[in-house]
Amino acid sequence: MGTGNQVNIRFMYATLLFLVSGGLLPLLFLPWNGWGQLDGPVAISLAVLVYSAAMLSYPVAANKERILDMTFWLFAYVFLGLVPLVQLAERSFPWPDVYSDRTLVTAQLMTLAGLLAYHAGTLLGKPSKASPPSSGSLTDDFAKPGGARQFLIVSGIAILVSGALLVQSGSISSLFLPRNALESVYETKSQNLIADQLMKVPLFVCLIVGLTMWKRRAFRSVLPKLTTLLLLVLCLIVSNPISNARYWFGSVMLTLCLLFVPWKRIGRFGWTAGYLLLFIVIFPYTDMFRNNLDGDIQTAGISDIFVQKGDYDAFQMMLNAVDYVEMNGTTHGKQMLGSLLFWVPRSLWEAKPLSSGQLLGESSGYFYTNLSCPLWAEGYINGGFVGVVLLFGLYGFVSRRLQSKYEESRRLSAMSIYRIVVPFLSAYQVFLLRGDLMNALAYMSSFLLFAYLFTRWSGSRSRSQGQNLPADRADSAVFSRYTRSNIASR
């Protein structure tokens with residue numbers, strides 16, 4: 001098929017995606033009696049929805065992979081566009097509350113400010129021109145003969161640590177109990193968090209590395225392949241959807257899909273459609289085992305779910321953030337500091353801030369305070385509209401740089417930390433964006449730490465083994481591969 005035909009097909013898919021997401025879905029979900037309430041807040045919500053739909057559709061026509069951008073705009077489309085449109089049309093929200101039109105409009109403008117700042121940040125983070133990879137940004141360490149040995153050593157340690165924690169905590173018998181029925185043997189929440197992450201995260205990092213090495217034919221014996229299969233089985237057991245939160249199980253499964261399902265075979269259109277199905281239809285039913293194993297599914301219309309289930313309270317928490325700042329003013333970065341220093345125990349920092357979700361829940365008088373707090377609300381609580389713009393400008397800039405490094409490593413067919421981290425962040429950022437930030441950072445940091453330690457240790461060993469090789473030969477090989485791949489891609 002010619003290049004021109006491929007461009008036309010991509011443009012057709014992009015147009016279809018925009019018409020469906022920007023027009024058809026709102027017509028399906030918006031209650032007909034809601035058209036009579038087409039006021040300012042509803043109109044702004046429509047603008048957010050159409051803007052997000054356009055940003056989802058453009059990469060389809062341009063044939064851009066950019067998995068970080070994809071999940072960001074998917075989150076914005078569903079949780080800050082489609083869901084608020086239904087909630088505002090009915091003036092009904094998951095948690096019983098009443099808001100003024102001023103609060104509604106302020107929250108919608110907050111949404112737009114964050115989206116525009118993110119978009120600007122991604123444009124600023126775009127590499128200025130093609131250049132050879134910087135020193136240390138890419139590595140072939142895992143593909144070298146010693147890579148399999150290092151993989152076996154680290155994987156063995158991860159398996160032993162996970163097994164020891166399971167035995168010590170007595171959790172083997174409760175692996176498939178509902179997570180709300182589990183009783184921790186640890187005295188504090190911090191100890192429980194550390195043990196839980198040590199049990200699951202190293203296994204998952206090793207699994208990603210093992211599957212990637214296997215795919216690149218870096219294993220020359222059976223043992224590393226058997227170890228990888230063992231890691232897969234153990235990950236599915238300790239990260240099962242019954243005893244784990246949806247964000248973790250979902251991140252594990254989506255990361256594996258992003259890594260190993262052929263992107264070109266499904267295409268950006270297929271991935272986007274699949275994610276929309278996941279967020280709109282599947283997501284509200286994935287917590288059926290939170291309290292018991294009955295698995296009873298209470299069916300309801302999707303529009304009813306949007307206004308009844310706390311899973312879709314992101315926009316309402318932004319409304320609560322507006323009211324909180326109206327009454328108390330911004331925290332001048334105090335909440336952000338508490339989130340960044342989540343690892344400091346409260347016994348050492350008595351004035352440590354509550355998580356933002358709990359803060360907003362208590363200030364709103366809710367009986368249930370284990371609530372989300374979208375990143376937009378985090379920025380607003382800490383610094384008003386300026387805080388939102390700065391936070392999302394930085395977020396967009398970093399996302400684009402990470403995405404560029406990921407694309408570079410894929411282009412050069414080289415293993416790097418970006419091949420591990422970026423697919424995970426693409427899946428996990430849905431939880432990061434939904435918040436709250438303190439809990440999201442606590443869980444994300446452990447994955448980033450173990451991914452860094454694995455690649456750092458492997459890289460330092462390979463560099464020490466290759467110190468006697470002429471530097472100009474190594475640089476020449478990298479530059480040659482880079483040049484050939486650039487020529488092939490043009």
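The values are calculated or read from the model by the stated rules, or taken from the named source; none is laboratory data. As the structure is a computational prediction, the values presented were derived from the model and not from experiment. No Cβ is skipped: glycine too gets one built from the backbone with ideal geometry, and neighbour counts run over all protein chains shown. Ligands, DNA and RNA are stripped out before the accessible areas are found, and what is left, the full protein with its side chains, is counted by its heavy atoms. Shrake-Rupley method; radii C 1.70, N 1.55, O 1.52, S 1.80 Å.
What residue, among those in the range 400-432 that are open to solvent by 10 Å² or more (accessible area, probe 1.4 Å) and of a type in the set (S, T, Y), is nearest to the chain's Cα centre (by Cα)? Residue satisfying both the conditions and the ranking: Y418. Out of all the residues in the range 200-237, which are more than 25 Å from G274 (Cβ to Cβ), among the aliphatic types (A, V, I, L, M), open to solvent by 10 Å² or more (accessible area, probe 1.4 Å) and touching a residue at least 12 places away in the same chain (Cβ under 8 Å)? Of everything in the range 200-237, those that are more than 25 Å from G274 (Cβ to Cβ), among the aliphatic types (A, V, I, L, M), open to solvent by 10 Å² or more (accessible area, probe 1.4 Å) and touching a residue at least 12 places away in the same chain (Cβ under 8 Å) turn out to be L223, L230, L234, I237.
For the range 336-382, filtered to residues that are surrounded by 22 or more Cβ atoms within 10 Å (Cβ to Cβ) and among the aromatic types (F, W, Y), the residue that is nearest to L437 (Cα to Cα) is W376.
Restricting attention to the range 60-101, the residues being open to solvent by less than 40 Å² (accessible area, probe 1.4 Å), assigned to a loop (DSSP other than H, G, I, E, B) and among the hydrophobic types (A, V, I, L, M, F, W, C) number 1.
In the range 50-59, the residue that is nearest to L123 (Cα to Cα) out of those that are among the hydrophobic types (A, V, I, L, M, F, W, C) and open to solvent by less than 10 Å² (accessible area, probe 1.4 Å) is L56. Residue-level analysis places F454 outside the set of residues that are open to solvent by less than 40 Å² (accessible area, probe 1.4 Å), over 26 Å from A107 (Cβ atoms), of a type in the set (F, W, Y) and at pLDDT 80 or above. Which residue is modelled with the lowest pLDDT, if the candidates are limited to the range 290-316 and must be hydrophobic (A, V, I, L, M, F, W, C) and in contact with a Leu (Cβ under 9 Å, 6 or more places away or on another chain)? Restricting to residues being hydrophobic (A, V, I, L, M, F, W, C) and in contact with a Leu (Cβ under 9 Å, 6 or more places away or on another chain), the top hit is L293.
With respect to the stated conditions, G435 is closer than 25 Å to I280 by Cα and either within 17 Å of the chain's Cα centre (by Cα) or surrounded by fewer than 23 Cβ atoms within 10 Å (Cβ to Cβ) (or both).
Would it be correct to say that N320 is polar (S, T, N, Q) and open to solvent by 40 Å² or more (accessible area, probe 1.4 Å)? So N320 fails the test. Within the range 351-389, the set of residues being acidic (D, E) and under 12 Å from G333 (Cα atoms) comprises E378 only. Of the residues making up the range 204-223, those that are over 23 Å from S409 (Cα atoms) and in a helix (DSSP H, G or I) are V222, L223.
Let's see how each residue does on (1) aromatic (F, W, Y); (2) at pLDDT 90 or above; (3) within 26 Å of the chain's Cα centre (by Cα); (4) exposed (fewer than 12 other Cβ atoms within 10 Å of the Cβ):
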position	(1), (2), (3), (4)
T103	no, yes, no, no
L109	no, yes, yes, no
A120	no, yes, yes, no
P127	no, no, yes, no
S137	no, no, yes, no
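Applying the criterion of at least 2 residues that are at pLDDT 90 or above and under 22 Å from Y77 (Cβ atoms) to the helices (runs of 4 or more DSSP H) found wholly in the range 332-425 leaves 375-411. Residues that are at pLDDT 85 or above and either more than 25 Å from the chain's Cα centre (by Cα) or not in a helix (DSSP H, G or I) (or both) within the range 230-254 comprise just one, L230. Can you tell me which residue is modelled with the lowest pLDDT among those in the range 151-165 that are surrounded by 14 or more Cβ atoms within 10 Å (Cβ to Cβ) and among the hydrophobic types (A, V, I, L, M, F, W, C)? If we take residues in the range 151-165 being surrounded by 14 or more Cβ atoms within 10 Å (Cβ to Cβ) and among the hydrophobic types (A, V, I, L, M, F, W, C), then L165 is modelled with the lowest pLDDT.
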